[in-house]
1. Kindly indicate the residue of segment 1-42 that is in a loop (DSSP other than H, G, I, E, B) and surrounded by 11 or more Cβ atoms within 10 Å (Cβ to Cβ) and also nearest to ligand 1 (Cβ to nearest atom) among those meeting that condition.
2. Go over the candidates D75, D45, D140, D51 one by one and state the one that is modelled with pLDDT of 95 or more, more than 16 Å from ligand 1 (Cβ to nearest atom) and either on the phi > 0 side of the Ramachandran plot or surrounded by fewer than 16 Cβ atoms within 10 Å (Cβ to Cβ) (or both).
3. Quickly run through segment 103-126 and pick out the residues that are in contact (Cβ under 8 Å) with a residue 24 or more places away in the chain and either away from ligand 1 (no atom under 13 Å from the Cβ) or not in a helix (DSSP H, G or I) (or both).
4. Determine which single condition E74 fails, assuming it passes every other condition in (1) out of contact with any helix residue (DSSP H, G or I) (no Cβ under 6 Å at 6 or more places or on another chain); (2) assigned to a helix (DSSP H, G or I).
5. Name every residue in segment 54-72 that is buried (at least 18 other Cβ atoms within 10 Å of the Cβ) and within 16 Å of M27 (Cβ to Cβ), in order of residue number.
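The values are calculated or read from the model by the stated rules, or taken from the named source; none is laboratory data. Keep in mind that what you see is a predicted model, and the values were worked out from it rather than measured. Glycine also receives a Cβ, built like all others from the backbone with ideal geometry; neighbour counts cover every protein chain displayed.
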Amino acid sequence: MKMESTNSLLTMIDDDHMSIKSSFDSMINSFLQVSNHSIVMERSDIEKTFDNFIIIIGNHFVNEEFIMNKYYYEDQVLHRESHRGYLIHLKSLRDKIYAGATVESIVQALSDFFVSWDHFHVSHADKRLCKFIKSLDIDDFWNHSSD
Ligand SMILES: [Fe+2]
Ligand SMILES: [Fe+2]
């Protein structure tokens with residue numbers, strides 16, 4: 001069984017956020033290059049890139065929800081609803097992409113999505129969750145239980 005500690009949980013959340021940001025940046029960069037005609041991307045590649053981003057962020061939500069559930073986080077219902085709202089938003093954007101929306105409109109909608117997720121969710125809801133994880137002192141729990 002993998003050892004779980006306050007630090008490992010906080011690191012996992014941080015790492016997830018960083019990998020979401022970097023895959024978001026590389027997705028936006030390639031879409032911008034398509035719209036500048038610097039690269040050619042098949043429509044199916046645009047769809048695949050976007051689907052992959054939804055999987056990455058969806059997996060992160062599952063990770064946070066697992067922690068919230070395991071440690072009885074009291075704000076978990078609201079936090080989950082916020083995750084669900086972002087996924088619904090991304091899925092409606094995916095429908096637009098599949099329906100043939102322009103790359104320019106996708107980039108604009110994605111930028112709006114990212115600002116909202118980063119400024120409102122990561123900086124507030126996730127920050128509160130990390131504060132809660134810090135208060136758990138799971139390292140101490142493990143140290144004491146091995147005495
Ligand atoms: Fe979250
Ligand atoms: Fe998060």
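1. E4
2. D51
3. Within segment 103-126, V103, E104, I106, V107, L110, S111, F113, F114 meet the criteria.
4. (2)
5. Correct list: I57, H60.
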